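Heads up: the structure comes next, in structure tokens.
The values are calculated or read from the model by the stated rules, or taken from the named source; none is laboratory data. Worth saying up front: this structure is predicted, and the values here are computed from it rather than measured. No Cβ is skipped: glycine too gets one built from the backbone with ideal geometry, and neighbour counts run over all protein chains shown. Heavy atoms of the whole protein, side chains included, go into the accessibility calculation; ligands, DNA and RNA do not. Shrake-Rupley method; radii C 1.70, N 1.55, O 1.52, S 1.80 Å.
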Amino acid sequence: PPLPIIVDGEEEYFVEEILDVRPRGPLQFYVKWVGYSQPTWSPYEDVKDCEALDNFYDKYPNKRRPG
């Protein structure tokens, strides 16, 4: 897998695609990360500024949204 980039002292990874969303307390998103074979469930905070999130809601406009 690729190494993370460091932004403001924090590790960041690239989102390839968001595949699904589930309400588990705060919303969680099923994320396919660039360079990784298995998607993982991640909190909204990890994907809130990603273009992939906009693409997900364009594709699935009726899925549950944050807020």
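Summary of values
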item: Cβ-Cβ FRET estimate between residue 10 and residue 57, R0 fixed at 30 Å, reported to 0.05; result: 0.75
item: Among (i) 80; (ii) 112; (iii) 91, the entry derived from the coordinates for volume of the Cα convex hull per residue in Å³; result: (iii)
item: For the chain, size of Cβ-based charge dipole, Lys and Arg +1, Asp and Glu -1, in debye; result: 560
item: Surface share of carbon and sulfur [accessible, 1.4 angstrom probe, percent] for the chain; result: 48
item: Loop-located chymotrypsin sites (Phe, Trp or Tyr not before Pro) in region 12-67, at most 15 other Cβ atoms within 10 Å (DSSP); result: 14, 36
item: Per residue accessible area in Å² of the chain, where ligands, DNA and RNA are left out and the probe is 1.4 Å; result: 75
